[in-house]
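Working notes for the structure below.
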Amino acid sequence: MITEIIIAGFGGQGVLSMGKILAYSGLMDDKEVTWMPSYGPEQRGGTANVTVILSDERISSPVLDKYDIVVALNQQSLDKFAPKVKPGGVLIYDNNGIHTRPDRTDIKIYPIDAMGATLELGNSKAYNMVVMGTLLEAMEYKLPMENVVKGLKKSLPERHHHLIPLNEQAIEKGRTLIH
Amino acid sequence: MNLCDTMELEEIIREENKVYAVPELLDQSVHMHYCPGCSHGVVHKLISEVIAELGITDHTVGVSPVGCAVFAYNYIDVDWVEAAHGRAPAVATALNRLWPENVVFTYQGDGDMSAIGTAESIHAANRGENIVMVFVNNAIYGMTGGQMAPTTLIGQKTATTPYGRRVDLNGHPLEITNLMPLLDGTCYVTRQSVHTPAAARKTKACLKKAFENAIAKRGTSVVEVVATCNSGWKMSPEKANEWMAEHMFKVYPLGDLKDTTKEQ
Amino acid sequence: MKGNEAIAHAVIRYGADGYFGYPITPQSEVLETLEELMPWETTGMVVLQAESEVAAINMVYGGAASGKAVMTSSSSPGISLKQEGISYIAASELPALILNVSRGGPGLGTIQPSQADYFQATKGGGHGDYHLIVLAPSTVQEMVDFVGLGFDLAFKHRTPAMILADGVVGQMMEKVVLPEQKPRRTDEEVRKQCPWACNGRIGGRKRNIISSLELESSRMEVINERLQARYAEIERTETRWEEIGTKDADYLIVAFGSIARIATKAKELAAEKGIKVGIVRPITLWPFPTEAVAKAAEGKKGILVVELNAGQMIQDVRLAVHDKMPVEHFGRLGGIIPSPEEVLNALENKIVNPKSEA
C-alpha cells in the first residue's frame, strides 16, 4: 500500500514539522518514506508545503501531482490543491479564514475547526498536531499510535520531549474532529 | 703574490677556509630562470638557509605562486605545491591544517598577494593560520612583461602605465603589508629588503623568526621583501638598487610592523 | 534524514580528512551539519568555512596535494567559481570530491532544483581537456553511497569526482542506512598510499612537486595524453547505470537523478494505460553509459529524454543511438519540477502519438 499526502499552509503553521513527524512515524512503522518540502524564502512567512509518501514498496517519485490526502491550512493552499485530490481521496482543511469552499463530490471532504480545538487545549503550538490527529484518523493506512509517539521522539529535539504528552493529547483531540 | 702560487687547490678547499657556500637546499642541478640582478635568487637562498638551519627540511612544504617565482619549486629542495594565481594562502591553509606538524610557507609576488589573491591573503592571516607568507614586492608584474602591479608607485612607468601611474586612472599604491598588523591572526609582520649584504642578513633573521613562529604555532607571519625588477624597470641591477632605495622605501619603509613575540 | 545532512554523516564515516566549503542554498546543511557533528573531536577530520568558494576549492587542492581525502560542496553559482581550482586539481592528477547540489540558472538564478549544470559537470567545466567522474544520485541513500564511491574512484584513478545532485535529493528526507565508521588513514598510511604527495620529505626522500605547469609543448602533450589514457580507462571500467523494465518496453525514457524517479512514476502511470515504457538511468553521467543506452534502445519506437534543463543529456543520448529512432526532449526550466503526469503527457505527445508538423 502507498499513501501520498501533501500538507500545505502558511509558513509558521508547523507544516514542515508536521510532515517530518508523519514521515518519522511511518519510518518507525517500518515503511518506506519520503519527505519533500518546498524550500526557500517562502519558509519565512509565505506559503509552505511538504509532500510525504508512506509506502510498503520502494518509492519512485518524491514529487507528485495527485494525492490520496490533501491537508490545506489556508485559502491559497485549498484553491491550489483541492483539484489535486485523487477521486475517492480525502481533503482536510481548516475552516478558519476560508471563504471559498471546494465543490468536489467525488472525494471525502473534512472541514475542521483545528484552531478552535487547539485553543481548547490551551497551547497554540499544538495546532499542527491537532491537524495531524485528523489526518491520521482519515488515513486508510492506520499508523499505530505507539509508532507516532516514537516518530515524535525522533523528530523533536530532546529539549522539547517534555511536550510529547501535550502533542499526544492534541493528536487525540484532532482524531475526534471528523466524527 | 697570488695565493695559488703557494697553495695547492686541496689546501684551499677546506672547511676552515670556507667563507661562503651555496645552501645545501638550493638545487644546483637546475639553471635558475631569474634575470641577472633579480632579488628572487637572494630570497630563495635565505629561505633555503633558514630551513636547513632550523632542521625542518623533512617537514616543510612550500606553496609557489603564479608570477616570476612560479618555478620556485625547481630550486628549493623541499616539497612544493604550485598554486593558482593568488590562491597560495588557501592552499597553505589546508596543507597546514591537515598536517599540523608540518611547516608551511607561501612565496607570493605583488600580484599574488595584493591583487588577485587579496582575499585569500587577508583571510588566511585573519584566521591566524600557522604559516609564513613571504611577499616579494617589486612593484611590477615581471613574468608577464612588466605591467602595473597594485604596488606600482605613482608616476612609475610600466607596460600598462606607459606614461606613468596616475591616481585618477589607477588608484593608489596598495600597502597591503600595512593592513596585516591590524589582523589579530598575525603574530609577526615585517618589511625588509635584500639589496645589500647587511639588508640580506637582516631579512634572513626575520625569515628565521617567521619560520620559528610557524613551528611554535603563534599565528601568521608576513615577511615582505621590497625588491627590484631591473628587467621590468629597464635599469641596470645597480641602478635598480639605487632607484629602489630612493623611491620604493619612501612608500614602503623598512622595519617591523608588528611583533607579538617581543611583547611576550 | 535530509540528503544534505546525510552527506555530512557519510563523509565523516568514510574517514575523510577534510571538508572546506562556503554557504550557498540549497546545500548549506552540509557545512551546518558538519559543524554540529564536530568530527574534529572524534575522527580528527578538519572542517573549515572558507572566505569564498574560490578559497574552498583551493584548500581542497592543497589538501589533495598532500594526499588527504578532502571534499567541498556548493551549488551552481558557487561551482562556477570553483572551476579554476577543479581544472588545476584534474591537471595535477589529484583525488578530490566535489558535491554540486545544483539549482536553476543562469546567473544567480533560483534556489529551486535544476539539472542545468549537466554540460558543465560532464564536459569538463573549467579550462582544458579534462573530465570529472560524475555521479548522479536519485535517492538520499545514493547521496550517502556516492560519497564513498566518489572518494574511492577519485583515489583509484587520481582524478577529481563530482556528485551532481539537485535540490530535490538535497532537501528531501527518506530512509537511509549509514555505513560503519571507517578510521581515518594514519599519516604513515597516507604517505604509503600517496608517495607522490606533498607532506614533507620524511626519510630524506626526493622532493615532491605538485604543479600543472609545463611550458615545453612536447612535454605538455605527453601529460595530456596520459590524462586522456586515464579517461579512456575510466570509460572502459567505471560506467554505471540502472535499467527498469527496458526489455519488454516499446519506448524508453532516459533520465538521471531525482527526475529519473519522477519518470519511473510516469512509467507506472503509462502501464495503466497500456503503454510499455522502460527507464534507463545513467548513474555515471561521465563516463556516460553510451553502450547501455544503445543496447536498451534496440528495437524501441522512440526515446524521451527528461531533464530539468533545456536539453543537455539528450546530446549524449543522440550520440548513443544516432538516428535509429526519434529522440525527443522534455524539460522544465527555472526550478520547476514536472509531475509524473506531465512526463507521461510529454511521452504521449512527443513520442507515442507525435502530432505531425503542419
Query raised in the report: Taking the condition away from chain B (no Cβ under 13 Å) and either touching a strand residue (DSSP E or B) at 6+ places or on another chain (Cβ under 9 Å) or surrounded by 13 or more Cβ atoms within 10 Å (Cβ to Cβ) (or both), does C:ASN199 pass?
Result: no
Report summary line: Those residues of the stretch C:34-81 that are aliphatic (A, V, I, L, M) and assigned to a strand (DSSP E or B) come to a total of 5
Query raised in the report: Among the listed residues C:THR246, C:THR239, which satisfies the condition of being of a type in the set (S, T, N, Q), over 21 Å from C:ILE133 (Cα atoms) and in a loop (DSSP other than H, G, I, E, B)?
Result: C:THR246
Query raised in the report: Can you tell me which residue in the stretch C:28-82 is surrounded by the most Cβ atoms within 10 Å (Cβ to Cβ), limited to those that are among the hydroxyl-bearing types (Ser, Thr, Tyr), farther than 17 Å from C:ASP17 by Cβ and in contact (Cβ under 8 Å) with a residue 40 or more places away in the chain?
Result: C:SER75
Report task. Report yes if C:ALA310 is in a helix (DSSP H, G or I), hydrophobic (A, V, I, L, M, F, W, C) and within 26 Å of C:ARG240 (Cβ to Cβ), otherwise no. Result -> no
Report summary line: Within the stretch B:85-104, restricting to residues that are among the small types (Gly, Ala, Ser) and within 19 Å of C:GLY44 (Cα to Cα), the one that is farthest from the other protein chains (Cβ to nearest Cβ) is B:ALA92
Query raised in the report: Could you say whether any residue in the stretch C:334-344 is over 15 Å from C:ALA260 (Cβ atoms), touching a residue at least 12 places away in the same chain (Cβ under 8 Å), out of contact with any helix residue (DSSP H, G or I) (no Cβ under 9 Å at 6 or more places or on another chain) and not polar (S, T, N, Q)?
Result: yes
Query raised in the report: Can you pull out the strands (runs of 3 or more DSSP E) entirely within the stretch A:1-72 that have at least 1 residues that are away from every other protein chain (no Cβ under 11 Å)?
Result: A:2-10, A:47-55, A:67-72
Query raised in the report: So which residues in the stretch B:184-208 are within 14 Å of B:ASN130 (Cβ to Cβ) and buried (at least 17 other Cβ atoms within 10 Å of the Cβ)?
Result: B:THR186, B:CYS187, B:TYR188
Report summary line: When every residue in the stretch B:45-70 that is without any contact (Cβ under 8 Å) to a residue 40 or more places away in the chain and facing another protein chain (nearest Cβ under 8 Å) is compared, the one surrounded by the most Cβ atoms within 10 Å (Cβ to Cβ) is B:THR57
Requested in this report: Determine, yes or no, whether C:ARG281 is under 26 Å from the mean Cα position of the chain (by Cα), within 12 Å of chain A (Cβ to nearest Cβ) and either more than 22 Å from C:GLY105 (Cα to Cα) or exposed (fewer than 15 other Cβ atoms within 10 Å of the Cβ) (or both).
Outcome: yes
Query raised in the report: If you check A:GLU158, A:GLU168, A:GLU137, which single one turns out to be more than 26 Å from A:ASN95 (Cα to Cα) and of a type in the set (D, E, K, R)?
Result: A:GLU158
Query raised in the report: So, of the residues in the stretch C:8-17 that are out of contact with any Lys or Arg (no Cβ under 7 Å at 6 or more places or on another chain) and farther than 11 Å from C:GLY148 by Cβ, which turns out to be farthest from the other protein chains (Cβ to nearest Cβ)?
Result: C:ALA8
Query raised in the report: B:ARG165 passes all but one of (1) touching a residue at least 24 places away in the same chain (Cβ under 8 Å); (2) within 19 Å of B:TYR141 (Cα to Cα); (3) buried (at least 17 other Cβ atoms within 10 Å of the Cβ); which number fails?
Result: (1)
Query raised in the report: A:ASP94 fails exactly one of the following numbered conditions: (1) touching a residue at least 12 places away in the same chain (Cβ under 8 Å); (2) surrounded by fewer than 18 Cβ atoms within 10 Å (Cβ to Cβ). What is the number of that condition?
Result: (2)
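The numbers here are math on the coordinates, done by the rules we state, and not lab data. The structure displayed is predicted, hence computed values, not measured ones. Note that each Cβ is placed from the backbone with ideal geometry, even for glycine, and that neighbours are counted across all protein chains shown.
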